[in-house]
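Heads up: the structure comes next, in structure tokens.
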Amino acid sequence: MTPVPLDGPADVAGWRRAARGLLAAGIPPEAVSWRLPGEAPGLFDGAPPALPAASSPLAVPRAVLELVERALLHADPERFALAYALFWAGRARPALLRDPTDARLARLSAMARAVQRDAHKMHAFLRFREVETEGGLRSVAWFEPEHHIVEAEAGFFQRRFAALRWSILTPRRCAHWDGEAVVFAPGARREDAPAEDAAEDLWRIYFASIFNPARLKPEAMKAEMPKKYWKNLPEAAVIPQLMRGAEGRVQAMLGQEFAAPRRRQKAH
């Protein structure tokens, strides 16, 4: 068995380098053992091989490569082996890489979609809270991603909140921005993040002010904003109250008579 060590669960670049070398060396998927830090070696693992640096004998379409690299951020432990098995099969049948009916490609596509949804939820439902540190104010957020997306999505927050000094804490990985560079660290605990800050009430007031009871669709709202995210959203505290009072507010709005503005009479 050929063990291939990776630097971490989101080491897409390391997987890509290794896959290129494995393909060039002609090593089949069943002879490869993908290893993450801390994992015990397999019973039949040998020493990590010195893979050739030659280019891969397989030309992978850019769209497929991007899809696979996104899927490699999924939490499924078989993702690295599955992606390599797809590329290995593509050596003999390149058209297979574009065949949506191929079971490997279909599964990787589903993984990529799940990762994309997870990233969307992170963009939408991550909330920073200000804390005082020795170096001054820092905005800290807690989020619980389903997949290994923190490193891939850190750039989004770096661009959007470039003026802040921030930290994103998750059980899987943490990201810290100091205004110049993003530094990654091991995962954290929920209690390492602040519970609330002075802006909590402002969030709740703002959310209540834009809440439109006439457009309330509870099932659609819960599908778009699942309840598991509510505990980290300051505005979520007022959602049950707003939902309970929605029908009464709609009836009150419908009962209001429309008063047309009076015309100003011309002076004689």
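The values are calculated or read from the model by the stated rules, or taken from the named source; none is laboratory data. No experiment lies behind these values; they were computed from the predicted model shown. All Cβ positions, glycine included, derive from the backbone under ideal geometry; neighbour counts span all protein chains shown. For accessibility, only protein heavy atoms count, side chains too; no ligands or nucleic acids. Shrake-Rupley method; radii C 1.70, N 1.55, O 1.52, S 1.80 Å.
Values as computed for the structure displayed
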| read-out | value |
| --- | --- |
| Of all residues making up the stretch 101-143, the number that are buried (at least 17 other Cβ atoms within 10 Å of the Cβ) and either touching a Gly at 6+ places or on another chain (Cβ under 6 Å) or closer than 26 Å to residue 192 by Cβ (or both) | 16 |
| Residue in the stretch 100-113 that is of a type in the set (Asp, Glu) and either closer than 21 Å to residue 170 by Cα or free of Cβ contacts under 8 Å to residues at least 12 places away in the same chain (or both) present | no |
| Residues of the stretch 1-12 satisfying the condition of being open to solvent by 60 Å² or more (accessible area, probe 1.4 Å) and within 21 Å of the chain's Cα centre (by Cα) | 7 |
| Any hit, the stretch 189-198, residues being modelled with pLDDT of 85 or more and in contact with a Gly (Cβ under 8 Å, 6 or more places away or on another chain) | no |
